[in-house]
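The values are calculated or read from the model by the stated rules, or taken from the named source; none is laboratory data. Bear in mind the structure is a predicted one, so any value in this text is a computation, not a measurement. Backbone-built Cβ (ideal geometry, glycine too); neighbour counts: all protein chains shown. The accessibility values were calculated without ligands, DNA or RNA, using every heavy atom of the protein model including side chains. Shrake-Rupley method; radii C 1.70, N 1.55, O 1.52, S 1.80 Å.
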Amino acid sequence: MVEKNLDFRSDTVTWPSPEMREASYKAVLGDDVYGDDPTVNELESIAAEILGKEAALFVTSGTQGNAAAILAHTNRGDEIILEERSHIYLNEVGGIAVLGSLMARTLKGEMGWLKPDDIRGAIRVENIHRPTTTLLCIENTHNTSGGIPLTVEQMKADWDVAKEHGLNVHLDGARVFNAAVALGVDVKEISQYADSVQLCLSKGLAAPIGSMVMGSEDFIKRARKYRKMLGGGMRQAGIIAAPGIIALTKMVDRLADDHANAKLLEEGLRKINGIEILHPVRTNMVYIDIGGLGWNGDDWGEACKKLGWKSRGSGTTLRLCTHYGIEREDIEAFIEGITAAVPKV
Ligand code: TLP
């Protein structure tokens, strides 16, 4: 029985399944800083295998995973290329500057995808005056572009330019399984075009805590040391790794339900005068503008609250995420309720 979780704010709000809670309770533990927590070790080897990389590292969050990965790829003063509305650039508290002393070269993507020529043009030519460009960061799915999955071809095109110029590629794959499911490909098809990948266990995959970073043995060794520096050396971490194993082995296929529910939500909202759909809906996110209703995010939030839902946004723009704990019938009931609640314009 899936616990209801009527909350559109994010897919980070998911609760662990009963099986995950049970797995935490029963997890066999050790001290992970000594490398002897068997449950963490199992999670890391499963993640490495699924993503097609040599090794993996269990970290506390997507933000910590991206930070440890970026530190492991770069030296102080390097320049890294990022999409201008990427999570790493916008929403990770400036970690690249504070922790890495890195320069950020941002580029505008086309629905989240950085065009190869733009990347080529941004890579610095070696010169005593200039910082060295060492890393390209990609985000797939791309959150602020509506949860758009970048295709395998798009990933390859960016990878090829990076490799022509000796850059490493880091994939912020917080929702890389949403991308794989939406594209109908094995996740390895996507991850082959990144030297390192960060993926979140605690979003649509419904684990309560944690992310994974994957890459070569050498890279993971460096990232593990940075994770310790960032305060992420956890001890009996098997208790939170156990749900992560279920997330990776049993929760991926159900992401298709979240995508279908987002599509259903989009279709319902599209019929309401005054609501504009801002991006094509391809995965589990629906971005809308409610300015045409004469409402702001607070009005929307209040109306949703009366219907038993949590939802919010800034100004008149809102993101509605579907996830574990939201079923098709919940979306149908929401559409009926919100259609009746909004002002008729
Ligand atoms: N995103 C959260 C918020 O921080 C915005 C959300 O609700 O979507 N990469 C991407 C693409 C993300 O969307 C997020 C979280 C992260 C990294 C960071 O993951 P956490 O929250 O585990 O640090």
key: For SER86: the one exception among (1) more than 12 Å from the ligand (Cβ to nearest atom); (2) touching a residue at least 40 places away in the same chain (Cβ under 8 Å); (3) within 19 Å of the chain's Cα centre (by Cα)   = (1)
query = When you look at LYS4, is it crowded, with 24+ Cβ neighbours inside 10 Å and outside the structural domain of ALA333 (by TED's automatic domain parsing), yes or no?
reply = no
key: Matching residues in region 201-227 - criterion: being of a type in the set (D, E, K, R) and part of a loop (DSSP other than H, G, I, E, B)   = LYS203
query = Among the residues of region 228-241, how many are open to solvent by less than 10 Å² (accessible area, probe 1.4 Å) and either more than 16 Å from the ligand (Cβ to nearest atom) or part of a helix (DSSP H, G or I) (or both)?
reply = 2
key: Sole residue being in contact with an Asp or Glu (Cβ under 9 Å, 6 or more places away or on another chain) and more than 14 Å from the ligand (Cβ to nearest atom), chosen from THR63, THR151, THR132, THR144   = THR132
message = Looking at region 1-53 only, could you name the residues that are in a loop (DSSP other than H, G, I, E, B), within 16 Å of the ligand (Cβ to nearest atom) and of a type outside the set (Gly, Ala, Ser)?
response = ASN5, PHE8, ARG9, ASP11, THR12, VAL13, THR14, TRP15, PRO16
query = For region 12-62, which residues satisfy the criterion of being free of Cβ contacts under 8 Å to residues at least 24 places away in the same chain and either farther than 24 Å from GLY325 by Cα or within 22 Å of the chain's Cα centre (by Cα) (or both)?
reply = TYR34, GLY35, ASP36, ASN41, SER45, GLU49
key: Given (1) more than 16 Å from the ligand (Cβ to nearest atom); (2) open to solvent by 30 Å² or more (accessible area, probe 1.4 Å); (3) in contact with a Lys or Arg (Cβ under 8 Å, 6 or more places away or on another chain), index of the condition GLU126 fails   = (3)
ask   = Given the residues SER211, SER202, SER216, which is the only one that is open to solvent by 10 Å² or more (accessible area, probe 1.4 Å), within 11 Å of the ligand (Cβ to nearest atom) and modelled with pLDDT of 95 or more?
value = SER202
task = Scan (1) touching a Gly at 6+ places or on another chain (Cβ under 9 Å); (2) modelled with pLDDT under 95 for the single condition MET1 breaks and write down its number.
result = (1)
ask   = Counting only residues that are open to solvent by less than 10 Å² (accessible area, probe 1.4 Å), over 20 Å from GLN154 (Cα atoms) and small (Gly, Ala, Ser), how many does region 77-121 have?
value = 1
Residue check for VAL152: open to solvent by less than 60 Å² (accessible area, probe 1.4 Å) and within 16 Å of the chain's Cα centre (by Cα) = no
request  = Have a look at ALA162, ALA174, ALA97 and point out the one that is within 16 Å of the ligand (Cβ to nearest atom) and either of a type in the set (Lys, Arg) or modelled with pLDDT of 95 or more (or both).
outcome  = ALA174
ask   = What tally of residues in region 122-143 results from selecting those that are part of a helix (DSSP H, G or I) and more than 11 Å from the chain's Cα centre (by Cα)?
value = 1
